[in-house]
């Protein structure tokens, strides 16, 4: 009889731990959604969403690959795309050649493309990655505060299209092919 009681207590302890994990996970998600606020744009992977109402692009000042701070005020008044990515992210790597081509096509028109790298453990790979992909647009090292300011970037890649007025016009979550990217950039020019 002792053996059965011990087994019942073990199962009860496991059930209690699982219940506690579920409650804590729910509390975390609720807290996270409250922290992000109502202005968060929630779209599914591969979707582009127009912003209803205006939402100014949050300001930032991040280090570039040379260690210099680059403030977002430097692209004020210009059509700008801000792309959150990481070198370890397959869809991010796939879309970059198209981004490079579209950037080179429109940069003479004042178009800015800013890549914000969310690499942490792989930061040392970034300079080689930039050279191998012939990336000529500005790349900055992102941080948690900037990702949160932009609505809690939780999927990579995530791309924000910012008009000359500094307002976010639309957001795309997931891979974006060259033609779709070019079409969205043309709307900003």
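Relative intensity of segment 112-153 on a log10 scale, I(q)/I(0) at q = 0.26 Å⁻¹, equals -0.96, per a Debye sum over C-alpha point scatterers of equal strength in the absence of solvent. Per residue, the convex hull spanned by the Cα atoms of segment 47-188 measures out at 102 cubic angstrom.
Between residue 124 and residue 155, the modelled labels are 3.3 nm apart [label points 7 Å from Cα along Cα→Cβ].
We did not get these values from a lab; they are worked out from the coordinates using the rules stated. Owing to the predicted nature of the structure, the values given are computational and were not obtained by experimental measurement. Neighbour counts are summed over all protein chains in view; Cβ atoms, including those assigned to glycine, are modelled from backbone coordinates with ideal geometry.
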